[in-house]
C-alpha cells in the first residue's frame, strides 16, 4: 500500500523485541524529500504507536518499532525508532 509520497511497505522483520518495517519511496530520491521529513515522521509515528489501540499490544510488551525508509534507488534515508518506554500511560 502506498502513502501520499508513494512509499510502499517492502518487508517486516521481527527480532529481539523489535519489529522493523522497511519502506521504499518508489518515485522519490533522497534529495527530493523535505528536510522536515524525519522530524515530522518521527512525531507522527510516535503518536501512532503510543496512542492507537491497535498498537497497544506492542507498547504493553515492550516492543520497539523501527521504520526504515529508502529512496527509489534503495539508498537509506532514515531509520526512525519508537521505543515503547517513551509512551506515557494516562
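Restricting attention to the stretch 80-90, the residues that are surrounded by fewer than 14 Cβ atoms within 10 Å (Cβ to Cβ) and outside any loop (DSSP other than H, G, I, E, B) total 2.
I'm checking my understanding of the structure. Among residues of the stretch 63-73 that are surrounded by 15 or more Cβ atoms within 10 Å (Cβ to Cβ) and within 22 Å of residue 6 (Cα to Cα), which one is farthest from the chain's Cα centre (by Cα)? Ranking the candidates gives 71 first. With respect to the conditions (1) within 20 Å of residue 7 (Cβ to Cβ); (2) in contact with a strand residue (DSSP E or B) (Cβ under 9 Å, 6 or more places away or on another chain); (3) surrounded by 12 or more Cβ atoms within 10 Å (Cβ to Cβ), residue 76 lacks only one, and its number is (3).
Do the conditions hold for residue 20, that is, is it within 20 Å of residue 86 (Cα to Cα), modelled with pLDDT of 95 or more and under 13 Å from the mean Cα position of the chain (by Cα)? For residue 20, the condition - within 20 Å of residue 86 (Cα to Cα), modelled with pLDDT of 95 or more and under 13 Å from the mean Cα position of the chain (by Cα) - is met. Could you check, for the stretch 32-53, whether at least one of its residues is more than 25 Å from residue 86 (Cβ to Cβ) and outside any helix (DSSP H, G or I)? Within the stretch 32-53, not a single residue is more than 25 Å from residue 86 (Cβ to Cβ) and outside any helix (DSSP H, G or I). Among the residues of the stretch 47-62 satisfying the criterion of being under 20 Å from residue 11 (Cα atoms) and under 15 Å from the mean Cα position of the chain (by Cα), which is surrounded by the fewest Cβ atoms within 10 Å (Cβ to Cβ)? Among residues in the stretch 47-62 that are under 20 Å from residue 11 (Cα atoms) and under 15 Å from the mean Cα position of the chain (by Cα), the one surrounded by the fewest Cβ atoms within 10 Å (Cβ to Cβ) is 48. Kindly indicate which of 83, 71 is touching a strand residue (DSSP E or B) at 6+ places or on another chain (Cβ under 8 Å) and touching a residue at least 24 places away in the same chain (Cβ under 8 Å). None of the others qualify; the one that does is 71.
Picking from 19, 65, 28, which residue would you name as being touching a residue at least 24 places away in the same chain (Cβ under 8 Å), outside any strand (DSSP E or B) and under 15 Å from residue 9 (Cα atoms)? The match here is 28.
The values are calculated or read from the model by the stated rules, or taken from the named source; none is laboratory data. Bear in mind the structure is a predicted one, so any value in this text is a computation, not a measurement. In this analysis, Cβ positions are derived from the backbone assuming ideal geometry, glycine residues included, and neighbour counts consider all displayed protein chains.
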